[in-house]
Amino acid sequence: MAVREPASEKASAIVELPDNVVVGRLDEMVSWCRKNSLWPMPFATACCGIELMATGASRHDIARFGAEVFRFSPRQCDLMIVAGRVVMKMLPVLQRIWQQMPEPKWCVSMGACASTGGVFDTYSVVQGIDRFLPVDIYVPGCPPRPEQLIQAITDLQEKIQREGTIFGREFDAPSRQEPKRALQRRGRGAS
């Protein structure tokens, strides 16, 4: 015949962990590592490029937020910052750089020109890079201040922590996989 232990004795059987042991979900830990080690790939033109450089300088110091290492090799980056206007001739270069970046990767559209074409409503200027690349964060302004870019990076870090998985299932979302607006085929009568 088995003897049942009282509930108070079972509760005292919980083992305490040492101070140097952390228990958590693997997805959360991987997301924490990813969000605190963003390596930006700057794609900067015109005045937004100057503000991007100011963000990396000593006064604003983007290094405090885990995005210090600006790399100019796409194979070493996971965050593309498109700052300034993009012309149609430069678009294939931008897309090639995006394709060379390894997964997981994110994109920030910095400034009115990158987000909507800005004041350059002409045939040669791309009217928003979101027609060709999946943009995660938009930074408004003409040009936006360095504080706005820092806020965008902290918002992106929160998004990475909230949505990230170890196998990158968040990138398999249908909205991220569908063709961009400018690349979709339009039939007769489509606007």
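The values are calculated or read from the model by the stated rules, or taken from the named source; none is laboratory data. As the structure is a computational prediction, the values presented were derived from the model and not from experiment. Glycine gets a Cβ as well: all are built from the backbone with ideal geometry, and neighbour counts include every protein chain shown.
Residue under question is residue 139, and the condition is that it be at pLDDT 90 or above, more than 17 Å from the chain's Cα centre (by Cα) and not charged (D, E, K, R); does it hold?
Values: at pLDDT 90 or above: yes; more than 17 Å from the chain's Cα centre (by Cα): no; not charged (D, E, K, R): yes.
Judged against the criteria, residue 139 is not a match.
Which one is surrounded by the most Cβ atoms within 10 Å (Cβ to Cβ), of the residues in the stretch 54-67 that are in a loop (DSSP other than H, G, I, E, B) and in contact with a Pro (Cβ under 9 Å, 6 or more places away or on another chain)? So that I can check it myself, show each step before the final result.
First, pick out the residues of the stretch 54-67 that are in a loop (DSSP other than H, G, I, E, B): 57-61, 66-67.
Add one more test, that the residue is in contact with a Pro (Cβ under 9 Å, 6 or more places away or on another chain), and what stays is 57, 59-60, 67.
Working: 57: 10, 59: 7, 60: 17, 67: 26.
Residue satisfying both the conditions and the ranking: 67.
What's the total number of residues in the stretch 18-34 that are without any contact (Cβ under 8 Å) to a residue 60 or more places away in the chain and not small (Gly, Ala, Ser)?
Within the stretch 18-34, the first condition is being without any contact (Cβ under 8 Å) to a residue 60 or more places away in the chain, and the residues that meet it are 18-25, 29, 33.
Going one step further and asking which of them are not small (Gly, Ala, Ser), we end up with 18-23, 25, 29, 33.
Result for the stretch 18-34: 9.
If the requirement is being modelled with pLDDT of 90 or more, touching a strand residue (DSSP E or B) at 6+ places or on another chain (Cβ under 9 Å) and polar (S, T, N, Q), which of these qualifies: 73, 109?
Numbers: 73 fails: modelled with pLDDT of 90 or more.
So the residue among 73, 109 that is modelled with pLDDT of 90 or more, touching a strand residue (DSSP E or B) at 6+ places or on another chain (Cβ under 9 Å) and polar (S, T, N, Q) is 109.
So, in the stretch 9-48, exactly how many residues are modelled with pLDDT of 85 or more and small (Gly, Ala, Ser)?
Adding up the residues that qualify gives 1.
Please go through the stretch 78-93 and pick out each residue that is surrounded by 17 or more Cβ atoms within 10 Å (Cβ to Cβ) and closer than 10 Å to residue 43 by Cβ.
Residues satisfying the conditions are 80, 81, 82, 83, 84, 86.
Under the condition of being of a type in the set (A, V, I, L, M, F, W, C) and loosely packed, with under 10 Cβ neighbours inside 10 Å, which residue from the stretch 17-39 is farthest from residue 106 (Cα to Cα)?
Kept after step one, since they are of a type in the set (A, V, I, L, M, F, W, C), are these residues of the stretch 17-39: 17, 21-23, 26, 29-30, 32-33, 38-39.
Next, only the ones that are loosely packed, with under 10 Cβ neighbours inside 10 Å stay: 17, 21-23, 26.
On the way: 17: 37, 21: 31, 22: 28, 23: 28, 26: 21 Å.
If we take residues in the stretch 17-39 being of a type in the set (A, V, I, L, M, F, W, C) and loosely packed, with under 10 Cβ neighbours inside 10 Å, then 17 is farthest from residue 106 (Cα to Cα).
Just to be sure before I move on: is residue 126 within 12 Å of the chain's Cα centre (by Cα) and over 22 Å from residue 63 (Cα atoms) in the structure I sent?
Numbers: within 12 Å of the chain's Cα centre (by Cα): no; over 22 Å from residue 63 (Cα atoms): yes.
When the stated conditions are applied, residue 126 does not pass them.
If only one of 64, 25, 34, 71 is touching a helix residue (DSSP H, G or I) at 6+ places or on another chain (Cβ under 8 Å) and of a type in the set (Lys, Arg), which one is it?
34
Give the number of residues within the stretch 56-101 that are among the acidic types (Asp, Glu) and under 10 Å from residue 39 (Cα atoms). Even if it seems obvious, please write down each step before you answer.
Step one: of the stretch 56-101, the residues among the acidic types (Asp, Glu) are 61, 68, 78.
So of that shortlist, the ones also under 10 Å from residue 39 (Cα atoms) come out as 68, 78.
Looking only at that region, the number is 2.
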